[in-house]
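The values are calculated or read from the model by the stated rules, or taken from the named source; none is laboratory data. Being a predicted model, the structure only gives us computed values, none of them experimental. Using ideal geometry, Cβ is built from the backbone for each residue, glycine included, and neighbour counts are taken over all protein chains shown.
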Amino acid sequence: MSTGSGADSAPAPDTHDPRDTPAGPAAPDRTARRSGMFSSLKVRNYRLFFTGQVVSNIGTWMQRIAQDWLVLTLTASSAAVGITTALQFLPMLLFGLYGGVLVDRLRKRPTLLFTQSAMALTSLALAALTLTGRVEVWHVYVAAFATGLATVVDNPARQSFVAELVGPGQLHNAVSLNSANFQSARLVGPAVAGLLITGVGTGWAFFLNGVSFAAPIAGLLMMRARELHAVTPSPRGKGQLREGLRYVAGRPELLWPIVLVGFIGTFAFNFPVYLSAFADDVFHGGAGVYSLFNTLMAVGSLAGALLAARRGTARLRLLIMAAVAFGALEIVAAGAPTLWLFALLMIPIGLFAMTVNVTTNTSIQMATDPAVRGRVMALYMMVFLGGAPVGAPIVGWITDTYGARVGLATGGAIAALAATVIGLVLARVGNLRLSVGWDGGHPRMRFVPRTTDGAGSNGMAGAPAPVPAGAVGRGGTHRS
C-alpha cells in the first residue's frame, strides 16, 4: 500500500526568524502556539492515527501488567520478571540503529501495518497458550523478545510518521497529544488489567491487547494517501548507518539533547527502583503506596503533555530549564519528611519529566532532514529507552547501599548537572553570554549574543538554546 502519491520529501520547517540570534534557530511555526491545544486533531489522517493509538495504548498497558504477573505466577521470581523486561528492550539496544536505517528506506504506512500486525499476532498467540493452560515461562520470554524486535522498526516509523500526518506546522502539538494519549492509557490500562486478571485471568488481557491492534490498523487503512506529507524513501546504499551517526555528530542541536536524555534516562528516570524503595523501605506502605506514587506521576505527566500541546513550540532553552527543574525536584523529594509531601511532589516531577520528553522529541524531529529522520529518531529512542536498563543496576546498588533518599538525590543531581553543563555548552557553541539584570524591579537572567548586532541583540529573550549558523536547514539540503 502506498503512503503517498509520489510526492517528494516534505520539507523540514524553515527555522529562520529575524528575532533570533544568527547562531540559533527560531521556534518552528510560531502560529502553532495560538492554534489550540487539540489543533492537530483537525487533520483527518492524524485523527484516525490518534484514535487508533488510544485503543492500542490501553491494550499495551494491560499486556505489560498481565505479562509481569504471569511470569511472577509461573516462577515466583522477581528476577524472571526482570529478564522478561530486559528481553523486550534488548532488541532496541542491539538493532535500534539498523531499524532506523530500514525505516528511512521504507514507506511509513505499510511498515506500520506490518509491525502492528506482527505485535497483534504475538499477543494473540500468547493469549491462546495462556487460555488453554499450556503457557510456560519461555513462551513469555519469546513473546517479549518478538515484541521487542517489532518495536525496533515500529518505534522510529511511528515517530517519523507523525510528521507525515500533520506537517511541520502542527508537529509539536501532535507529538504532545501522542504523549498525552500514552499517559491517559497509563491511568486506564493497568486498572483494566487488574480487573481482568482477578476476574477472568491473564489470558484475556493478552487477547484484548491483540484485538486492540485492530484500531490502529483500521486507522492506517482509512487514511487518505494524497493528504500525507509524504517523504521519498532513501535509496539503499552503503554506509547509511555511519551517515546517520555523522549527521547527528555534526549538529549540536541534535547531539546534545540526545546526550542529555541519555544521562536523564540512565540515572534519573529509574522510577521503578526509586518509588518501590520509598514505598517499602522509607514509608513502609507496600504496593498500595507504590501504586499511588505511579498514579500521581501519571497525572503530572498527562498535564505536562497537554501543556506542551497548548504551548505549540519546542525550544531547546525550555528543554534545559525543564531538565534542571526535574533534577531539582527529585533532590527536594529525596528529602521529603512525610509520605503525602513525597506523593504530591510526584505530580510536578511527572510534569517536568514529560516536558523534557516532548520537547526533546519535537525539537529533534523539527531539526532533522526528513531523509534521515528514521535513523535520528532510532538513535534517540535507543538512548532514551536503553538508558533505564543500563542504569537500573547502578542506581539499584546506590539505593541498596546508601538508602532510597541518597539514590533519588543522586539521580536528580546528575540530571540537573548534565542539563546545566549542556546548556552552557550550547550557549558557547552559539557564542552567547549570560546576562544578569533587572526587569520591572525583578532580577532577570538570560543568554544574549556576545556581539550586539541588530538581529542578535533583539532576539534572545525568546530564543532557544543556540546552534551553529546553517546547522538546520530545509529538508533535502543536508546529506552527510
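Computed values, structure above
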item: Whichever residue in the range 382-399 is within 28 Å of Gly100 (Cα to Cα) and of a type in the set (A, V, I, L, M) and, among such residues, is modelled with the highest pLDDT; result: Val383
item: Among the candidates Ala230, Ala268, residue that is over 22 Å from Ala388 (Cβ atoms) and either touching a Pro at 6+ places or on another chain (Cβ under 7 Å) or not β-branched (Val, Ile, Thr) (or both); result: Ala230
item: Failed condition for Ser117, given (1) in a helix (DSSP H, G or I); (2) over 16 Å from Ala66 (Cβ atoms); (3) modelled with pLDDT under 95; result: (3)
item: Condition check for Ala120: under 25 Å from Gly189 (Cβ atoms), buried (at least 20 other Cβ atoms within 10 Å of the Cβ) and among the small types (Gly, Ala, Ser); result: yes
item: Check on Asp68, closer than 28 Å to Gly133 by Cβ and either assigned to a helix (DSSP H, G or I) or touching a Gly at 6+ places or on another chain (Cβ under 8 Å) (or both); result: yes
item: Meets criteria (out of contact with any Leu (no Cβ under 6 Å at 6 or more places or on another chain), part of a helix (DSSP H, G or I), crowded, with 16+ Cβ neighbours inside 10 Å and at pLDDT below 75) for Ala32; result: yes
item: Some residue of the range 237-249 being within 20 Å of Pro393 (Cβ to Cβ) and out of contact with any strand residue (DSSP E or B) (no Cβ under 8 Å at 6 or more places or on another chain); result: no
item: Enumeration of residues in the range 127-145 that are more than 27 Å from the chain's Cα centre (by Cα) and of a type outside the set (Ser, Thr, Tyr); result: Ala127, Ala128, Leu129, Leu131, Gly133, Arg134, Val135, Glu136, Val137, Trp138, His139
item: Unique residue being closer than 27 Å to Arg311 by Cβ and surrounded by fewer than 21 Cβ atoms within 10 Å (Cβ to Cβ) when the list is Thr420, Thr401; result: Thr420
item: Test set (1) under 17 Å from the mean Cα position of the chain (by Cα); (2) at pLDDT below 90; (3) farther than 17 Å from Met37 by Cα - Leu177 fails condition number; result: (3)
item: Every residue from the range 185-223 that is within 24 Å of Leu112 (Cβ to Cβ) and not in a helix (DSSP H, G or I); result: Phe213, Met223
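Yes/no per residue for (1) at pLDDT below 85; (2) in a helix (DSSP H, G or I); (3) closer than 29 Å to Asn270 by Cα:
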| position | (1), (2), (3) |
| --- | --- |
| Leu94 | yes, yes, yes |
| Gly100 | no, yes, yes |
| Asp104 | no, yes, no |
| Pro110 | no, yes, no |
| Leu113 | no, yes, no |
| Ala125 | no, yes, no |
| Leu129 | no, yes, no |
| Trp138 | no, yes, yes |
| Tyr141 | no, yes, yes |
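This table checks each residue for (1) in contact (Cβ under 8 Å) with a residue 24 or more places away in the chain; (2) farther than 24 Å from Trp340 by Cα; (3) aliphatic (A, V, I, L, M); (4) part of a helix (DSSP H, G or I).
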residue	(1), (2), (3), (4)
Asp281	yes, no, no, yes
Gly288	no, no, no, yes
Leu292	yes, no, yes, yes
Gly300	yes, no, no, yes
Gly304	yes, no, no, yes
Arg317	yes, yes, no, yes
